[in-house]
Amino acid sequence: MSRGSTNVENNGGGSQGGPCGACKFLRRKCLRGCIFAPYFDSDQGTAHFAAVHKVFGASNASKLLLRIPAHKRLDAVVTLCYEALARVRDPVYGCVAHIFTLQQQVVNLQSELAYVQARLATFQRLPPPPPPPQPQSLHSLANVVASSSDLVPISNLMMHFDPLQTQQCAGQEMTSLFNPLDQELIDGEDLQILAREFVSRYLPGVRFRPPGPH
Amino acid sequence: MISGRCAACRYLRRRCPSDCIFAPYFPPNNPQRFAAVHRIFGASNVGRMLQQLPPDLRAQAADTLYYEAECRVEDPVYGCVGVISRLHEQIDEAECELAKTRADIVINSDIGQQAQVQQLHDEVEDN
């Protein structure tokens, strides 16, 4: 979804007096003060609202937005559209597939970091090795320094989401993964621990972009 | 049987039929699970989404719906996108640290090799 589909200028009703994308989809009169009108224009907004309606429902979406301060609603709509479109594309995993892929990437990078840090520690602890030296040329810093990440920048996240990276994963039956969360409110850290457990237990076939110099 | 109702039917205060779509994935000992998905997605949407999937994929779908719902309850504005953003930040930090450490390895290996060259040079001079 691009922010071009939003219509922040209007406070009610669609652009040019017509219904907003949501009311157009719902085939109802777009009243002044329509909660959706600032965020769903009558063009692309209709398609986005269709996904939001299919996944969350108009009533739930409306309640969600009403509970959020007005200055945060645009972000909420963008993220709701992202999740809805991801769920429409992948009815089983939705955007959660992307989360687990990224979580596994973090784990892989941390493992590699631990390895190279251990290697660095050996260089720093031990004296120079005895002759003869290894017959290899000195590497330039440019060759061994990992290139900058080509991951999607956060600012472009909404335009480049790809939650389908686990298509090739094995479909194993899941036991109740979320039982540890019964007792307390989940915080961000618990969600990440949960994601890590999920991907290690149920997504063995997930493929990730290998880190390293490009 | 009233005592055998799943969490969804208990929440919705209705009889739990033998073919209840929710029962396998929303056990009565975890009422919070259905409460979260109902709050965010709505019971009818969840039921419809599960019905449209093959039975062998419904458990995974129910789990990921719960995960998304919990993310949204935790962070009503950003939901799962907040988690994705934080993970991207972690990845960026880890890659940066990795690059620095690799550079340090190169520097240290250069220092080691230069020391060897100097040592050989000294031996040649002594001889």
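Annotations
- Order of B:74, B:93, B:125, A:83 under a 10 Å beta carbon neighbour criterion, fewest first: B:125, B:93, B:74, A:83
- A Förster radius of 41 Å, combined with the Cβ-Cβ distance separating residue B:29 from residue A:108, puts the computed FRET efficiency at roughly 0.70.
- Taking region A:98-116 and a reference point 7 angstrom along Cα→Cβ of residue B:96, no backbone N atom is nearer than 13 Å.
- Spin-label pair residue B:103-residue B:18: with each label point 7 Å from Cα along the Cα-Cβ axis, the two points sit 7.0 nm from one another.
- Förster radius 41 Å - calculated FRET efficiency between residue B:56 and residue A:43, Cβ distance, rounded to 0.05: 0.60
- Considering only B:88, B:117, B:107, and ranking their Cα positions along the charge dipole of region B:85-126 that arises from unit charges at the beta-carbon of Lys, Arg, Asp and Glu, the one farthest toward the positive end is B:88.
- Computed from backbone phi, the HN-Hα couplings of region B:48-60 come to 5, 5, 5, 4, 7, 9, x, x, 6, 9, 5, 4, 4 Hz, rounded to whole numbers (Karplus: 6.51 cos²θ - 1.76 cosθ + 1.60, θ = phi - 60°; Gly and Pro given as x).
- Neighbouring partner chain Cβ atoms per residue of A:113-124, average, 10 Å criterion: 5
No lab work stands behind these numbers, since they all come straight from the coordinates. This is a predicted model, so every value here is computed, not measured. Quick reminder, even Gly has a Cβ in these numbers, built from the backbone with ideal geometry, and neighbours come from all protein chains shown.
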